[in-house]
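The block underneath contains the structure these notes are about, expressed in structure tokens.
The values are calculated or read from the model by the stated rules, or taken from the named source; none is laboratory data. Since we're looking at a predicted model, the values are computed, not measured. Here the Cβ positions follow ideal geometry from the backbone for every residue, glycine too, while neighbour counts run over all protein chains shown. These area figures cover heavy atoms from the full protein model, side chains too; ligands, DNA and RNA do not enter into them. Shrake-Rupley method; radii C 1.70, N 1.55, O 1.52, S 1.80 Å.
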Amino acid sequence: QVQLVESGGGLVQAGGSLRLSCAASGINFKILSMGWYRQAPGKQRVLVATITTGDSTNYADSVKGRFTISRDSAKNTVYLQMNSLKPEDTAVYYCNVQTHYVAYWGQGTQVTVSA
């Protein structure tokens, strides 16, 4: 079955860094892109960053210059390097894999940034 295994969340002070990883397995369709979304308490889930199989990237304005998305196609793994973290980055971060037919989601990993 399809599995998206996320890791790397945690508690960090403002200005610190974290690196999220998401390893996808069991996906039989062609992957178009992989990415990260986040959902803060009481708010909707929003895009953080995506990367296509052609390595085109897209970032939310709020994270440009601080976050970097990358991928290892051989491992079907996507990474999110988060630097200069701010308290407003606090959220549950979800891994996303897009195919032609369906989108897959990870279970989410909590990122908490203290002031």
Any chance the range 79-92 includes a residue that's farther than 24 Å from VAL113 by Cα, of a type outside the set (Gly, Ala, Ser) and outside any strand (DSSP E or B)? no
Tally up the residues in the range 33-56 that are surrounded by fewer than 16 Cβ atoms within 10 Å (Cβ to Cβ) and either acidic (Asp, Glu) or not in a loop (DSSP other than H, G, I, E, B) (or both), please. 5
LYS30: touching a Ser or Thr at 6+ places or on another chain (Cβ under 8 Å), basic (Lys, Arg) and open to solvent by 20 Å² or more (accessible area, probe 1.4 Å), yes or no? yes
Can you name the number of the only condition in (1) out of contact with any Ser or Thr (no Cβ under 6 Å at 6 or more places or on another chain); (2) open to solvent by less than 50 Å² (accessible area, probe 1.4 Å); (3) under 18 Å from LEU4 (Cβ atoms) that ASP89 fails? (3)
Inside the range 1-17, can you point out the residues that are among the aliphatic types (A, V, I, L, M) and either touching a Cys at 6+ places or on another chain (Cβ under 9 Å) or not in a loop (DSSP other than H, G, I, E, B) (or both)? LEU4, VAL5, LEU11, VAL12
Does the range 33-49 include one or more residues that are farther than 21 Å from SER73 by Cα, touching a residue at least 12 places away in the same chain (Cβ under 8 Å) and among the small types (Gly, Ala, Ser)? yes
